[in-house]
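Take a look at the structure below.
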Amino acid sequence: MAPKQNPVAQYFANIYQAVATTLLGMKLTIGYFFRKPVTMLYPEMRPVVQPGARGLHEFDEAKCIACKMCMTACPVDCLVIEFEGRGKDAFITRYDIDYQKCLFCQLCCDACPTEGIRMTGKWDLASYDRAGCLVRFARPKSTEEIRKFREDFARAEAEKKRKAAEAKAKAAAEAKPAAAPEPEKKSEG
Amino acid sequence: MTAIERPLPRPELETEELLVNMGPQHPSTHGVLRLVIRTDGEMVRETWPHIGYLHRCFEKIAQEVTFPQVVPYTDRLDYLASMNNAHSYCMAVERLAGIKIPPRAEYLRVIFSELNRIASHLLAFGTYALDLGAFTPFLYGFRERELLLDIFEKVSGGRLLYHYPRIGGVARDITPEIAKDIEQFIRIFPQKWAEYNTLLSYNKIFIERTANVGVILPQTAIRYGLTGPCLRGSGVAYDIRKAHPYSVYDKVDFQIAVGQGEKGTVGDCWDRYWVRMVEMMESLKIVDQCLKGLPEGPVQAKVARVLRLPDGEAYTRAENPRGELGFYIVSDKKRTNAVRCRVRAPSFCNLSVTHEVAKDCLVADVVAIVGSIDIVLGEVDR
Amino acid sequence: MQEFVHFLQHDVLARISPPLGALPDQIVLLGAILVGAAPIVAFMAVIAMAWTYGERRIAGFIQARYGPNRVGPEGVLQPLADGIKLLAKEDIAPAGADRPLYELAPLLVFVGALLPFVALPFSEKWVISSMAAGVFYVLAFEAIEVIGIIMAGWAPNSKWSLYGGMRLAAQMVAYEIPMGLCLLTVVALAGTLNLGQICQMQGGAFGVGNWMVWPWVSPFATLAFFMFFVGGLAATKRAPFDLPEAESELVAGFHTEYSGIRFAFFFMAEYAAMYVVCAVATVCFLGGWHGPFREWLAPAAGAPTISDLLGKAVQVKTADGAWFVWANLWGALSVLGKWAFWKPMLYELLGAFYLIAKSFFLLFVMVWMRWTLPRIRIDQVIYMCLKVLLPFSLLCVLGAAAQTVFTDWNLLHWLLSAGK
């Protein structure tokens, strides 16, 4: 605490300080009055979004392998995937992110093994209604398309299965004479 | 407490006490705090803080989602100090899992925690000025905070909720460009800090409004479990970074800012405010040292994809801008989420002192006191 | 003013259109008052609008941002947009409000802010009523606002409004005293209560030499000027004395519950009151309409006045019972083409420019202070009034009185004699 002063001196010191500090402050503010503002005029000037900003997602359907890692990683379950088939050739019928729930935590992107889902610097999220917050990233497919893929996939699956069975039989046939101890390993892949 | 009885010579002149609801929608309650004040004219006889308007079930959520998924939620506790929150939570998980994080990650965590402390204190400074009726410091504070936010955006991708410290390290390494930005900030900030002092700290009106107002005695502060600037403002030199050093705080040199009653009594609003101002400069020192001593290496330790912690419990605490933020986690080795997660939120404990301090003062003082305690409702209600 | 209206009626109007000239004096005077009041209200509205824009723009630049710059070039039409918005807004009254008081309060505040303009000179001759007790009148009618604001605080049945109203009552009533005493300092030095005369004697060298505020005229007046300005800040509830509407404490104080046009009335009244305080300070301390180079336009002694010109221009004889004499109308209008008419006009206009410019500078300082300083607490406001301003303003009055008595230096006599 400041040393006790005699009240009269304190009285005048208070007045002096009040005037002096006020003037100092005013000197500072008038300095800024004549300087250029630091803000930007928004719609004309857009802020520079830094690389690596966590904004709206970007989804690359070609890369997606439908492993559902992003879905499991999401803390708020805002991500929904539906697909036909599996693996590299998976046919993504639905990849929705509900931005009403999204935390922009990037956990989905970190979890993705193929960088199929990434975050971009896009940050303009406004939409006129709630439906606008639900973004469908997958290319919309017609039922026709889906049915075709389903049939193709089933055929391919069957083909694969047949081939696998053949290979197995063949391997078994080859292995029998040699009595090799590795019958099933390779056939899966 | 009973009403203050005063014998009145003329009973017809008796005045009535007024019960006023300050908030939850009020310009100076820092969010959705509701203060019920009992006033006799301009004199406030009693203040009751009512909370719970921003309750988002953090603890329950933290028990439902997996450990890495909790980290973005911790950002939303004290949303002005996301780096610090995540830092504390990650330490708790790492302690339970026995993860040793790389030194470079430790340094980066400290650098960004301290920068976030500056950003948070800048906002506290600005809003406090706003509470006391000065508008301009708020915008000046935001101007400098913007520089920090740009740095945070570069390093983490977010401007408010960074999700930067992760279990086992940090999300990304810093680039030379970011390091340069931080150095630039360290260079220009002291001058701006001096401007704040001219504009606000040493302004006579500001001193008159805050000095000798809302004095929290050291014993009161300890009894109520205050931490952070509120405790140090009362003259108790307790800082977790010094008392129980975590991360690399034992390797850096800095001072604990303590209120000394420079303008009035120890523990008044000005002291709490001043502790924050001094802490900004101390944080700057820490950042400078950490940046110079930043070791090379990876920034992320190997962490299992599906993290299961062994049976056990851990409590870690960190010095947040607002005080001690503690995470208490009980884990079960069969589960990927916590059995119990409890948060010791500094704002919550600090707010509890309001009832004790904000009484028998003026309405304007209540605003000054609540402002000087500097709460974030996101953390009070969780 | 009354003489001029009389002259217009009997010597000009009567010659242009005798039946009109024969109207009763009272009716013509009433008409003249209504015609005269319109520019005053317009002036007040323009000042309020200009300064809502100015305040926000200045605040913007002080805070290193732009401020309103969207509506019109550089945002100058912003107040117009705001005005339209306020007019279009729903007029809401709280359920428990005391309706008559609630509706009357903004009008009373508005009228209180408007009335001082009657005695306030805009230039040497441009004054509605050059009344002998002008200083007293201005102070008295500015105080009417208090009643309106207490009503506004009480009527909406809101606790915040009540706080605001009570704070303002305490503050304004308290600050009336030092403000009055500061003006009294000037009155003591000048020896008159007439604002026009107080201003008239402050010319001096270059039109700036004899301003009351200069220490060589009177050190007491210098001190009084600063105290008057501080008191004016408090009386117009400007920061750092804006407690009645302190938004971080009282939400919006006495106008919390007002919306739409009623709120606009409060808003306009605030800026008008600010202008009045600044204009009074200018007239009493800063030389009012005096300024450099104005003397060049000064009418020579014996130069014809506007009345003379007009009187000469309408000399066409009229036949008895004529309704309208065109020749006299053209004569009256031909005056507009004469330099002898425009020279004194310009002289007045320059005076008005100086007066308004000085007032605007003081307004700028008010705004500048608002965006720099934190708000004072209510007890400190009263402390400052009673323990700082009051003793010092008393000192000023005493000092000025002593200066007048002991140095035998009655400014009025001295300056008037020096002018001869």
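What a 1.4 Å probe finds exposed on the protein assembly as shown is 64% carbon and sulfur by accessible area, rounded to a whole percent.
With a 10 Å cut-off around each Cβ of B:195-204, the average count of Cβ atoms from other chains is 6. Its Cα centre serving as origin, chain B has a Cβ charge dipole (Lys and Arg +1, Asp and Glu -1) of approximately 1500 debye. Projected onto their three principal axes, the Cα atoms of region B:316-378 cover extents of 56, 19, 16 Å, largest first. In this structure, the pairs whose alpha-carbon distance is over 19 Å, taken from B:K180/B:K285; A:K141/A:K161; B:K251/B:K292, are A:K141/A:K161.
Within 10 Å of the Cβ of each residue in B:35-45, the mean number of Cβ atoms contributed by other protein chains is 1. Computed from the Cα positions only, the extents of region A:34-189 along the three principal axes stand at 95, 36, 25 Å, in decreasing order.
Can you run the Rg to Rh ratio on the protein assembly as shown? Use alpha carbon positions and the Kirkwood inverse-distance Rh.
Numbers: Rg = 37.4 Å, Rh = 33.8 Å.
That ratio equals 1.11.
Taking the Cα atoms only, what angle lies between the long axis of helix A:7-33 and the longest principal axis of chain A, rounded to 10 degrees? Approximately 50 degrees, to the nearest 10. Listed by chain and number, the lysines placed with their C-alpha closer than 21 angstrom to that of A:K176 are A:K163, A:K168, A:K185, A:K186; residues fewer than eight positions away on the same chain are left out. For the pair region C:33-84 and region C:338-379, the centres of their Cα atoms are 15 angstrom apart.
Taken one residue at a time, the phi angles of region B:331-343 give Karplus couplings (6.51, -1.76, 1.60, θ = phi - 60°) of 10, 10, 5, 7, 10, 8, 10, 6, 6, 9, 10, 10, 10 Hz. Gly and Pro are set to x.
Nearest 100 Å² is fine: how much accessible area is buried between B and C, summed over both sides, with a 1.4 Å probe? Write down the numbers at each step before the final one.
On the way: alone 16150 and 20080 Å², together 33650 Å².
Using a 1.4 Å probe on protein heavy atoms, the buried area is about 2600 Å².
Simple rule: put +1 on each Lys or Arg Cβ and -1 on each Asp or Glu Cβ in chain C, find the dipole, and look at C:I92, C:P304, C:I382; the Cα lying farthest toward the positive end is C:P304. Below 19 Å, Cα to Cα, which aspartates and glutamates can A:K160 reach? Residues fewer than 8 away in the same chain don't count. Straight-distance partners of A:K160: A:E84, A:D89, A:E151, A:D152, A:E184, A:E188. For the options B:A194, B:A171, B:A304, a Gaussian network treatment of chain B with springs between C-alpha atoms closer than 10 Å singles out B:A304 as fluctuating the most.
Using a 10 angstrom Cβ neighbour count of at most 10 plus a DSSP loop assignment to flag exposed chymotrypsin sites (Phe, Trp or Tyr not before Pro), which longest range of chain C is free of such sites? The partial results should precede the final answer.
Working: sites that count: C:W216, C:F293, C:W323.
Between exposed loop sites, the widest span is C:1-215.
Taking 35 Å as R0, compute the FRET efficiency from the Cβ-Cβ separation of B:E356 and B:Q255 and round it to 0.05. Before the final figure, lay out each step's value.
Details: r = 29 Å, r/R0 = 0.82.
With R0 = 35 Å, the Cβ-Cβ based efficiency is 0.75.
Kindly rank B:222-231, B:127-136 from highest to lowest mean number of other beta carbons found within 10 Å of each residue.
On the way: B:222-231: 23.3, B:127-136: 25.2.
Output ranking for B:222-231, B:127-136: B:127-136, B:222-231.
Of B:S347, B:S331, B:S88, the residue with the greatest mean-square motion in the GNM of chain B, using alpha carbon springs below 10 Å, is B:S331.
Note on B:K302: aspartates and glutamates with a C-alpha under 16 Å away, same-chain residues under 8 apart excluded, are A:D110, B:E94, B:E106, B:D173. Farthest towards the positive end of the charge dipole of region C:10-139, among the residues C:A59, C:G112, C:S123, is the Cα of C:A59, using unit charges on the Cβ of Lys, Arg, Asp and Glu. Per-residue mean of foreign Cβ neighbours for C:64-73 is 3 (Cβ atoms of other chains, 10 Å radius).
Heavy atoms of the protein chains alone define the surface here; on that basis chain A has 69 Å² accessible area per residue at 1.4 Å probe size. Heavy atoms of the protein chains alone define the surface here; on that basis region B:227-382 has 34 Å² accessible area per residue at 1.4 Å probe size.
Using the alpha carbon gyration tensor of region B:71-191, what are the three equivalent-ellipsoid semi-axes (square root of 5 times each eigenvalue), largest first, in whole Å? Mind showing how you got there, number by number?
Values: eigenvalues 148, 59, 21 Å².
They are 27, 17, 10 Å, listed largest first.
Looking at region C:347-392, which residues lose a minimum of 40 Å² of accessible area between their chain alone and all protein chains in place, measuring with a 1.4 Å probe and not counting ligands or nucleic acids? At a threshold of 40 Å² (probe 1.4 Å), the residues of region C:347-392 that become less exposed are C:W368, C:W371, C:T372, C:L373, C:P374, C:R375, C:R377, C:Q380, C:F392. Report which residues of region B:143-160 become buried by 20 Å² or more of accessible surface when going from the isolated chain to the complete set of protein chains (1.4 Å probe; DNA, RNA and ligands ignored). Those residues are B:R143, B:E153, B:K154, B:G157.
Based on DSSP H runs of at least 4 residues, each adding -39500 (n - 2.57), what is the mean residue ellipticity at 222 nm of chain B after dividing by all its residues, to the nearest 500 deg cm²/dmol?
It lands at -14000 deg cm²/dmol.
Based on the Cβ-Cβ distance from B:D40 to B:T175, what FRET efficiency comes out when R0 is 56 Å, to the nearest 0.05?
Numbers: r = 60 Å, r/R0 = 1.07.
Here the calculated transfer efficiency is 0.40.
Contact residues in region A:97-133 by the 10 Å² criterion (accessible area, 1.4 Å probe, full protein complex versus chain alone): A:L103, A:C105, A:Q106, A:L107, A:D110, A:A111. Our summary of shape: the Cα atoms of region B:18-380 have principal axis extents of 63, 45, 33 Å, ordered from largest down, in whole angstrom.
Relative to the Cα centre, what is the charge dipole magnitude of the protein assembly as shown, using +1 at the beta carbon of each Lys and Arg, -1 at the beta carbon of each Asp and Glu, and rounding to the nearest 20 debye?
On the way: 103 positive and 98 negative charges, 608 e Å.
About 2920 debye.
Given a 10 angstrom Cα cut-off, can you work out which residue in B:E144, B:E16, B:E64 is the most mobile in a GNM of chain B? With Cα springs under 10 Å in chain B, the top fluctuation among B:E144, B:E16, B:E64 is at B:E16.
Label-to-label distance, C:I92 versus C:E74, with points set 7 angstrom from Cα along the beta-carbon direction: 3.6 nm. For C:D242, the residues whose amide H sits under 5 Å from its own are C:I376, ignoring neighbours fewer than 5 places away on the same chain, with H placed 1.01 Å from N.
Let me have the 222 nm mean residue ellipticity of chain C computed from DSSP H runs of 4+ only, each contributing -39500 (n - 2.57), with the sum over all residues rounded to the nearest 500. Mind showing how you got there, number by number?
On the way: 18 runs with 261 residues, N = 420.
It lands at -20000 deg cm²/dmol.
Separation of region C:103-130 from region B:122-149 is 40 Å, based on Cα centroids. Using the Cβ-Cβ distance between A:R118 and A:Y42 with R0 = 22 Å, the FRET efficiency computed as 1/(1 + (r/R0)^6) comes to roughly 0.25.
Just to be sure I understand: if you take the accessible area of chain C alone plus chain A alone and subtract the pair, with a 1.4 Å probe, what total do you get in Å², rounded to 100?
Values: alone 20080 and 14990 Å², together 33370 Å².
That pair of chains buries around 1700 Å² in total.
Normalised by 2.2 N^0.38 Å, with N the number of residues, the alpha-carbon radius of gyration of region C:1-88 equals 1.77.
The values are calculated or read from the model by the stated rules, or taken from the named source; none is laboratory data. Keep in mind the model is a prediction, meaning the values are calculated, not measured. For neighbour counting, all protein chains shown are included, and Cβ atoms are generated from backbone atoms with ideal geometry for every residue, glycine included. Side chains included, ligands, DNA and RNA excluded: accessible areas come from the protein's heavy atoms. Shrake-Rupley method; radii C 1.70, N 1.55, O 1.52, S 1.80 Å.
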